[in-house]
Amino acid sequence: MKNKSLVSIEDYGKEGMLKILELADYFEKNPNQKILEGKVIASLFFEPSTRTRLSFESAINKLGGRIIGFSDANSSSVTKGESLKDTIITVSKYSDLIVMRHPLEGSAKFASEISDVPIINAGDGANQHPTQTLLDLYSIYKTQGTLENLNIFMVGDLKYGRTVHSLIMALSHFNPTFNFISHEKLKVPTEYKLHLDDLGIKYYEHSEFTDIISRADIIYMTRVQRERFSDPLEYEKTKNIYVLKKDMLVGTKDNLKILHPLPRVNEISEDVDDSKEAYYFTQALNGVYTRQAIIAATLGLV
Amino acid sequence: MKQEQKLSVSAIKNGTVIDHIPANNLFKVIRILGLENLEKQATFGTNLGSKKLGKKAIVKLTDKYFEDDEINRLILVAPEARLNIIKDYHVIEKKQVELPDEIIGISKCVNPKCVTNHENVLPKFNVMPAKDGVSLKCQYCEKITDKDNIEFIL
Ligand SMILES: Nc1ncnc2c1ncn2[C@@H]1O[C@H](COP(=O)(O)OP(=O)(O)OP(=O)(O)O)[C@@H](O)[C@H]1O
Ligand SMILES: [Mg+2]
Ligand SMILES: [Zn+2]
């Protein structure tokens, strides 16, 4: 049972990822499959989250499951000083599956070692958020018809953004070309570049956000966070450089789609929202199908 | 005279001699190998002269032998250690410390947000070769602890 957990995107190889995408496609076409009837899913959010929690809960509801849990640590026994270990052991007696988000890095792996039921990691601090990666992959797959040989542009905070790092790792199974666009201080960490070098995957780094995007199949936008800069002025400047505006879409490829893990601040101007390239809200919806697929696969129901 | 020089700590008939331990890490070696609870005869020598290490320590254990896995746990504290298997007062085999695949419960994860620094769980690392010895990749938070940041929990 324990090894069924989804802790890290590396837990699924290329085949495993493709299987989830296929299943997500099935759930998109047949969203209301009551395969979780009679099952109790624990949703333990030790840290607040809107999108991830709601899309999991929506996925569970569509599958006919029941949900127990809490949406922030304040309404749990954590405030009484209970250890994560005790919480997980107890909740695993009440449920068939645990979906958890926790601020400590490695918490999901730890939980998977002590739980009687599978764990799905819905984010462990800055470490892993594999269901986000799978929904990103599904969005790319759906809009491009393939994951192979794509030209992927990533923009914004490429240093601290865990969604960026996991997506780089996941896409590296599919021979992409990467273009990384960021401030000097927010470049992709060396370990990921070494990984790409090892695999012979091409990547280019840019500090300017210009018409190079004319070659893009996917532009993956991310938010630049204030906390990353010690100088508030530098933050303000950077924040306003890596912004996608509608006029930049002139001359881009027909199949181009813009993705964003959300929430957005100002990095995609709102006039982009109704362009045919804007895909980020549909991407959020894809999160529901992808999570239906992940839950079904984790419980061995498909 | 020659024999005296050679055996700066007393001779054993059968057992294991662990030589070339950095003197300042002798007690860590003892703890990592669990020698505090040993019931058999043991002698420890430290601050002995060594060309290689400056000051070395040596451990001589009567009728005690180790699995390779146990010895490889010394990689962080005595990577140059040499094991001498003694039979009838003679060295019949020498073994070195090799890079283990993982290290469990010897040192802390450098990441303050790592679950191993907050919950009651032994840190576990994958061991990777690095310029200056080894670096440790946490199996929980996936962060790297390099040689300079190793903090022992023994
Ligand atoms: N019977 C014994 N009892 C206790 N210690 C012994 C015995 N025989 C050898 N030793 C010790 O074991 C270690 C290895 O012995 P060896 O004769 O191989 O020395 P060496 O050539 O200096 O080896 P190395 O190159 O590993 O330092 C030395 O520290 C030696 O003092
Ligand atoms: Mg010698
Ligand atoms: Zn760690």
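Structure notes:
- Protein heavy-atom accessible surface, 1.4 Å probe, per residue over chain A: 42 Å².
- Heavy-atom accessible surface of the range A:1-103: percent carbon and sulfur, 1.4 Å: 48
- For the residues of A:275-288, the average number of beta carbons from a partner chain within 10 Å of their own beta carbon is 0.
- Positive minus negative residues near A:Lys257 (Lys, Arg vs Asp, Glu; Cβ under 10 Å): +1
- Protection proxy ranking, peptides B:31-39, B:132-140, average beta carbon neighbours within 10 Å, highest first: B:132-140, B:31-39
- Whole-Hz ³J(HN,Hα) from phi, Karplus 6.51 cos²θ - 1.76 cosθ + 1.60, for the range B:136-141, glycine and proline x: 10, 9, 4, 6, 9, 8
- Paramagnetic reach from A:Asp198 (point 7 Å along Cα→Cβ, amide N under 19 Å) across the range A:117-135: A:128
- If you take all other residues with their beta carbon under 14 Å from the beta carbon of B:Gly34, and give Lys and Arg +1 and Asp and Glu -1, the sum is 0.
- Working note: Karplus 6.51/-1.76/1.60 with θ = phi - 60° gives the range A:35-44 the couplings 6, 9, 4, x, 9, 10, 10, 8, 10, 9 Hz, where Gly and Pro are set to x.
- Note on chain A: with a GNM built from Cα contacts shorter than 10 Å, the maximum mean-square fluctuation among A:Leu199, A:Leu18, A:Leu104 falls on A:Leu199.
- Peptide A:117-130 shows a mean partner chain C-beta count of 2 within 10 Å per residue C-beta.
- Formal net charge of residues neighbouring A:Val272 (Cβ-Cβ distance under 9 Å; K, R +1; D, E -1): -3
- Interface B:A - total buried accessible surface [probe 1.4 Å, Å², rounded to 100]: 1100
- Surface accessible to a 1.4 Å probe, per residue, for the residues of the range B:2-96, Å²: 59
- Cβ crowding within 10 Å averaged over residues, with A:236-249, B:69-82 ranked highest first: B:69-82, A:236-249
- Spacing of the two label points (7 Å from each Cα toward its C-beta) at B:Lys55 and A:Asn61, in nm: 7.0
- Here the protein assembly as shown was treated as a single set of alpha-carbon atoms; its pair distances binned every 10 Å from 0 give 4, 18, 23, 21, 15, 10, 7, 2, 0, 0 percent.
- As a calculated quantity, the FRET efficiency between B:Asp88 and A:Glu10 at R0 = 60 Å, using C-beta atoms, amounts to about 0.70.
- Apportionment of accessible area to carbon and sulfur, the range B:102-149, percent (1.4 Å): 49
- A simple packing score, the average count of other Cβ atoms within 10 Å per residue, orders the peptides A:33-46, B:43-56, A:122-135 as A:122-135, A:33-46, B:43-56, with the highest score first.
- Exercise: per-residue mean of other protein chain Cβ atoms within 10 Å, B:135-142: 5
- Accessible-area loss of 40 Å² or more (1.4 Å probe, protein heavy atoms, chain alone versus all protein chains) is found in the range B:110-131 for B:Lys113, B:Val115, B:Glu119.
- Our estimate of slack between A:Lys245 and A:Ile212, defined as 0.36 nm per intervening residue step minus the Cα-Cα distance, is 10.5 nm.
- Long-range amide H partners of A:Ile68 with built H, under 5 Å: A:Ile41, A:Ala42, A:Ser43
- Under the Karplus curve 6.51 cos²θ - 1.76 cosθ + 1.60, θ = phi - 60°, whole-Hz ³J(HN,Hα) for the range A:203-219, x wherever Gly or Pro sits: 8, 10, 10, 9, 9, 10, 9, 10, 6, 4, 5, 4, 9, 6, 8, 9, 10
- Residues with amide H under 5 Å from that of A:Asn179, placed H, sequence gap 5 or more: A:Ile152, A:Phe153, A:Met154, A:Tyr204
The values are calculated or read from the model by the stated rules, or taken from the named source; none is laboratory data. This is a predicted model, so every value here is computed, not measured. Glycine also receives a Cβ, built like all others from the backbone with ideal geometry; neighbour counts cover every protein chain displayed. We work out accessible area using only protein heavy atoms, side chains counted, and drop any ligands, DNA or RNA first. Shrake-Rupley method; radii C 1.70, N 1.55, O 1.52, S 1.80 Å.
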